[in-house]
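The block underneath contains the structure these notes are about, expressed in structure tokens.
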Amino acid sequence: MAERSTREGAPDTRQHPRTYEEIINDAWITEEEKKRAMADSLLGHMAALLFQRGDILHLQLLLRVRTTAIEHDYDAQTDDLWLEFDPGDEAAFTEEAQERLRGVFHRVSDRLGYGVTWIGFRESLPEVGPDWRQRLQEMMNGDRPTNQARRAMPEKPQWVQDRLAFTNAGSSACTGL
């Protein structure tokens, strides 16, 4: 990391996060890491520009993006940015919204000069393994873990107030009932 100076001229020895420019121009990173940093930089710059414009609706769409990837299109001989989102978010990425985001992308991409000239939108593919049939069957049958609370009480309720059951006086006092 480069040393920075304070206002008094003394070197600042605190750790500073590297910028995208530093990461992308680092001679020791792989091409894959460089593309990952460029993709994230493009997404971040697009989001920041939308925020500065007050376009919260389209900013919220970018916040739904799960992954980004820069892939080479061998037919067009271009590097393309792909924004991937959950299948449940597909309806939010309307053609109108995509066009708006393409305009922002071109503005950002032209300024950054990464050589990425096209942007696409697609749903992310789920990760599956050789046991995919069994796992899907279990999920369809409801045999999957959930983060839902249980309805069982550890002991018989002692007090019932406003249709809420309490097992001890302390829990009743905490709720202010």
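The values are calculated or read from the model by the stated rules, or taken from the named source; none is laboratory data. A quick note: this is a predicted structure, and the numbers were derived from the prediction, not measured. FYI the Cβ positions are ideal-geometry reconstructions off the backbone, even for glycines, and counts take in every protein chain you see. SASA here: full protein model, heavy atoms, side chains in, ligands and nucleic acids out. Shrake-Rupley method; radii C 1.70, N 1.55, O 1.52, S 1.80 Å.
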Pairs needed: first member in region 85-98, under 13 Å from His58 (Cα atoms); second member anywhere, at pLDDT below 95 and in a helix (DSSP H, G or I); C-beta distance under 9 Å; at least 6 residues apart or different chains. none
On the given criteria, is Glu33 exposed (fewer than 14 other Cβ atoms within 10 Å of the Cβ), within 18 Å of the chain's Cα centre (by Cα) and not in a loop (DSSP other than H, G, I, E, B)? yes
Please state which of the following conditions Arg53 fails to meet, knowing it meets all the rest: (1) open to solvent by less than 40 Å² (accessible area, probe 1.4 Å); (2) out of contact with any His (no Cβ under 6 Å at 6 or more places or on another chain). (1)
Taking the conditions exactly as written (out of contact with any Leu (no Cβ under 9 Å at 6 or more places or on another chain), at pLDDT 95 or above, open to solvent by 100 Å² or more (accessible area, probe 1.4 Å) and among the charged types (D, E, K, R)), does Glu127 satisfy them or not? no
Starting from residues that are at pLDDT 90 or above and either assigned to a loop (DSSP other than H, G, I, E, B) or within 23 Å of Arg64 (Cβ to Cβ) (or both), keep the ones in region 130-150 and report whichever is least open to solvent (accessible area, probe 1.4 Å). Asp131
Quick one: would you say Leu43 is at pLDDT 95 or above and either in contact with a strand residue (DSSP E or B) (Cβ under 7 Å, 6 or more places away or on another chain) or open to solvent by less than 20 Å² (accessible area, probe 1.4 Å) (or both)? yes
Considering every residue within region 93-107, establish whether at least one is β-branched (Val, Ile, Thr), within 20 Å of the chain's Cα centre (by Cα), within 20 Å of Leu125 (Cβ to Cβ) and surrounded by 13 or more Cβ atoms within 10 Å (Cβ to Cβ). no
Pairs, please: C-beta under 9 Å, at least 6 apart or cross-chain, first residue under 15 Å from Leu42 (Cβ atoms) and among the small types (Gly, Ala, Ser) and in region 57-77, second open to solvent by less than 100 Å² (accessible area, probe 1.4 Å) and in a strand (DSSP E or B)? Ala69/Asp80; Ala69/Leu81; Ala69/Trp82; Ala69/Leu83; Ala69/Glu84
Only one of (1) touching a Lys or Arg at 6+ places or on another chain (Cβ under 9 Å); (2) modelled with pLDDT of 95 or more; (3) of a type outside the set (Val, Ile, Thr) is not met by Asp86, so which one is it? (2)
Please go through region 56-68 and give me each residue that is β-branched (Val, Ile, Thr), open to solvent by 50 Å² or more (accessible area, probe 1.4 Å) and over 15 Å from Ala97 (Cβ atoms), ordered by number. Thr67
When region 69-127 is checked residue by residue, the ones that are over 18 Å from Lys34 (Cα atoms) and part of a loop (DSSP other than H, G, I, E, B) are Tyr74, Asp75, Ala76, Gln77, Asp86, Phe93, Thr94, Ser124, Leu125, Pro126, Glu127
